[in-house]
Amino acid sequence: MRRSARPAEDFGDPRQEGRRLFAELLGTFLLVSAAAGAPMMAHVFPGQISREAAVIAPGLTVLAVILSMGRISGAHLNPVVSIGFALREDFPWRRVPGYVAVQLAGAILAALALHGILDVSSSLGSTYPAAGHGAGSAFWLEVLLTAGLVSVVLGTASGAQNVGPIGALAVGGYVALAGMWASPLSGASMNPARTFGPDLVGGRLTAVWVYLAGPLLGTILAVAAARALRGRGGGRAGSLAAQGAPGTSYARPTKP
């Protein structure tokens, strides 16, 4: 009987990279479908989708994707999460370009699918600074929100729980709660892919810099805070969460 690779060995197995990349593409597709689909659906069916529903939907989607695919790829679903894990030395830098590319691709495919189904511009599902407020206010809010999001991701990952129910609840809950109070000003994106995909397909890139630079700066601050709280990264627990472990279960392995 063939013995399956241990998680540490699996991280370095190039045969698993295709699975990881497909999981990130599919997971980001699902996330952006919910995040951009809710406001687009609200435009098509006025009064049917509340703001609360629009911000809870992506949070619950993140929860579901982490639970279903976290063991495969780590369920980053967000370029700045991949960068944050790499800055913490929990994820190899050589894998970051591939993850970011498929995350962006997943977001673009979701925007194309929503546009085709609903026949309205995907820009209606993107995030922009609120009318009457400058891009600077939205930028700093995205910095704050993303610093909180990445702090939650890294905090749960430090206990190898980002691929289990605790991390899923924490991250999904944060996404929903951040949207509850912050979406009127900036849309509470916290994810460059989530904004870039609908912007690109909809042909409206007027404020895209806010949703690229803001989350990136927020991530850097979150990584600095994680170092102050927990020291250097690169431990086994964080790596388990960041890289996933295809072929293993959530149960703690027994000692031989």
**OP:** Confirm whether residue 160 is surrounded by fewer than 24 Cβ atoms within 10 Å (Cβ to Cβ) and at pLDDT below 95.
**Re:** yes
Original post:
Is there a residue being more than 17 Å from the chain's Cα centre (by Cα) and under 18 Å from residue 208 (Cα atoms) anywhere in the range 114-122?
Top reply: yes
Original post:
Which of the residues that make up the range 103-137 are in a loop (DSSP other than H, G, I, E, B) and either without any contact (Cβ under 8 Å) to a residue 24 or more places away in the chain or on the phi > 0 side of the Ramachandran plot (or both)?
Top reply: 119, 131, 132, 134
Original post:
Which residues, taken from the range 58-81, are touching a Leu at 6+ places or on another chain (Cβ under 8 Å) and at positive phi?
Top reply: 77
Original post:
Would it be correct to say that residue 89 is among the acidic types (Asp, Glu) and not in a helix (DSSP H, G or I)?
Top reply: yes
Original post:
Which members of the range 191-246 meet the condition of being at positive phi and in contact with an Asp or Glu (Cβ under 8 Å, 6 or more places away or on another chain)?
Top reply: 234
**OP:** Sort out which residues of the range 180-198 are touching a Gly at 6+ places or on another chain (Cβ under 7 Å) and either free of Cβ contacts under 8 Å to residues at least 24 places away in the same chain or closer than 17 Å to residue 50 by Cβ (or both), and write them in order of number.
**Re:** 188
Subject >> In the range 235-252, residue surrounded by the fewest Cβ atoms within 10 Å (Cβ to Cβ) [restricted to those that are assigned to a loop (DSSP other than H, G, I, E, B) and at pLDDT 60 or above] >> reply: 235
Subject >> Criterion (at pLDDT below 95, part of a helix (DSSP H, G or I) and either surrounded by fewer than 20 Cβ atoms within 10 Å (Cβ to Cβ) or of a type in the set (A, V, I, L, M, F, W, C) (or both)) met by exactly one of 168, 182, 193, 176 >> reply: 168
Original post:
For the range 68-98, what are the residues that are acidic (Asp, Glu) and either surrounded by fewer than 24 Cβ atoms within 10 Å (Cβ to Cβ) or closer than 13 Å to residue 20 by Cα (or both)?
Top reply: 89
**OP:** Under 7 Å between Cβ atoms, at least 6 apart or on separate chains: pull out the pairs that start in the range 138-159 with a residue that is without any contact (Cβ under 8 Å) to a residue 24 or more places away in the chain and end on any residue that is small (Gly, Ala, Ser).
**Re:** 152/170
Original post:
Can you pull out the residues in the range 99-122 that are closer than 20 Å to residue 205 by Cα, surrounded by 22 or more Cβ atoms within 10 Å (Cβ to Cβ) and either touching a strand residue (DSSP E or B) at 6+ places or on another chain (Cβ under 7 Å) or hydroxyl-bearing (Ser, Thr, Tyr) (or both)?
Top reply: 122
Subject >> Failed item, numbered, when residue 29 is tested on (1) assigned to a helix (DSSP H, G or I); (2) among the aromatic types (Phe, Trp, Tyr); (3) modelled with pLDDT under 95 >> reply: (3)
Original post:
Within the range 64-99, can you find the residues that are touching a residue at least 40 places away in the same chain (Cβ under 8 Å), within 20 Å of residue 219 (Cα to Cα) and hydrophobic (A, V, I, L, M, F, W, C)?
Top reply: 66, 75, 77, 80, 81, 83, 85, 87, 91
**OP:** Might you check whether a residue that is crowded, with 16+ Cβ neighbours inside 10 Å, touching a residue at least 40 places away in the same chain (Cβ under 8 Å), in contact with a Ser or Thr (Cβ under 9 Å, 6 or more places away or on another chain) and not in a loop (DSSP other than H, G, I, E, B) occurs anywhere in the range 204-212?
**Re:** yes
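The values are calculated or read from the model by the stated rules, or taken from the named source; none is laboratory data. Everything numeric in this text was worked out from a predicted model, so none of it was measured. Every residue, glycine among them, receives a Cβ derived from its backbone with ideal geometry; neighbour counts consider all protein chains shown.
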